[in-house]
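The values are calculated or read from the model by the stated rules, or taken from the named source; none is laboratory data. No experiment lies behind these values; they were computed from the predicted model shown. Please note: Cβ atoms are built from the backbone with ideal geometry, for glycine as well, and neighbour counts cover all protein chains shown. With ligands, DNA and RNA removed, areas are computed over all heavy atoms of the protein, side chains included. Shrake-Rupley method; radii C 1.70, N 1.55, O 1.52, S 1.80 Å.
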Amino acid sequence: MNEDIRNELPADQNEDKARLERIRNRIAAIDLTIADALARRMDCVEEIIGYKEEHGMIIFQGDQEKKQRKVLRERVAGHKYEDEILDVYQEIIKSSRKVQARSLFSYNIMLIGFMGSGKTTVADYLGRMLEMEHVDTDEMIVNWMGMSISDMFRNYGEAYFRNLESNTLLALRERKQLIVSCGGGITLRPENVEAMRSRGVVVWLTATPETVYDRLHLFTDRPLLNGNMNIPYITKLMKEREPRYVNAADVRVPTDGLTVHEICEILVKRVLEFQKNRAG
Ligand code: S3P
């Protein structure tokens with residue numbers, strides 16, 4: 001509204017406008033306070049990461065997050081904006097995890113290992129734990145082709161699938177700070193191994209043939225195991241593949257008998273140790 005018209009408004013309407021301006025100014029000032037407080041909060045998060053790294057402490061202490069959430073819940077309990085405040089707090093927690101991840105991992109985390117070693121499950125969980133994007137090479141291929149991996153093997157053969165698998169790594173060439181769960185056979189080609197190692201830390205998830213069988217025997221979506229879903233065959237194929245995994249892996253993480261949370265904690269610790277040794 002231009003000044004001339006405002007001046008022509010009756011006095012009480014002018015007063016009303018001024019009130020609106022004052023409220024808007026208050027909001028603007030509060031926003032600045034929030035922005036400053038958030039920046040200070042993020043600084044603290046980075047400081048804590050530094051401290052934990054220095055003292056070799058576990059990075060993700062879920063208990064601390066829970067404690068913090070409880071304090072906040074109590075503070076807003078019964079408040080008319082309780083739900084909204086807690087929603088915003090949830091987003092703040094997510095952003096803090098991003099800050100943590102950014103200061104910890106500037107590279108990609110590539111997960112390799114035999115079928116059923118838990119790559120996809122671990123990558124998914126780790127992605128949420130660190131607020132990092134999770135990409136799955138099998139899923140990329142299925143999306144590109146619009147057909148299942150079993151159909152691809154049947155219609156075009158394994159070699160065709162392996163070419164697409166190599167292409168996933170090419171497609172991810174410029175990406176950083178991803179968690180990539182790779183198909184169990186990705187290490188069969190030396191050029192794939194080179195591509196993975198040059199762009200991230202390669203983590204080998206291990207599992208015994210018995211564990212693999214337990215995890216997979218009800219599924220039919222692994223063409224290499226269809227008709228071969230038994231422990232002796234899994235043991236044989238795993239033995240054949242083992243040197244490839246050994247050769248590709250920067251770190252090794254066991255998965256037998258562990259929860260996904262425990263696996264992720266070991267993984268983060270080992271990746272950071274590896275990174276520290278590589279840098280030093
Ligand atoms: C394969 C593993 C599968 C999938 C394809 C071939 C392999 O991925 O890429 O069936 O050769 O080990 P997962 O390891 O995710 O099951």
Problem set entry | Residue ID - nearest to the ligand (Cβ to nearest atom), chosen from residues in the range 109-124 that are within 10 Å of the chain's Cα centre (by Cα) and under 18 Å from R175 (Cα atoms) | A123
Problem set entry | Cross-chain or 6+ apart pairs with Cβ under 7 Å, the range 213-228 first and within 13 Å of the ligand (Cβ to nearest atom), then open to solvent by 80 Å² or more (accessible area, probe 1.4 Å) | N226/T220
For this session: Have a look at D124, D63 and point out the one that is open to solvent by 80 Å² or more (accessible area, probe 1.4 Å) and assigned to a helix (DSSP H, G or I).
Result: D63
Problem set entry | Residues being closer than 30 Å to V271 by Cα and within 12 Å of the ligand (Cβ to nearest atom) - total across the range 125-165 | 11
Problem set entry | Whichever residue in the range 131-170 is at pLDDT 95 or above, out of contact with any strand residue (DSSP E or B) (no Cβ under 9 Å at 6 or more places or on another chain) and acidic (D, E) and, among such residues, is least open to solvent (accessible area, probe 1.4 Å) | E165
For this session: Would you check if there is a residue in the range 195-218 being closer than 24 Å to E131 by Cα, surrounded by fewer than 17 Cβ atoms within 10 Å (Cβ to Cβ), of a type outside the set (G, A, S) and touching a helix residue (DSSP H, G or I) at 6+ places or on another chain (Cβ under 9 Å)?
Result: yes
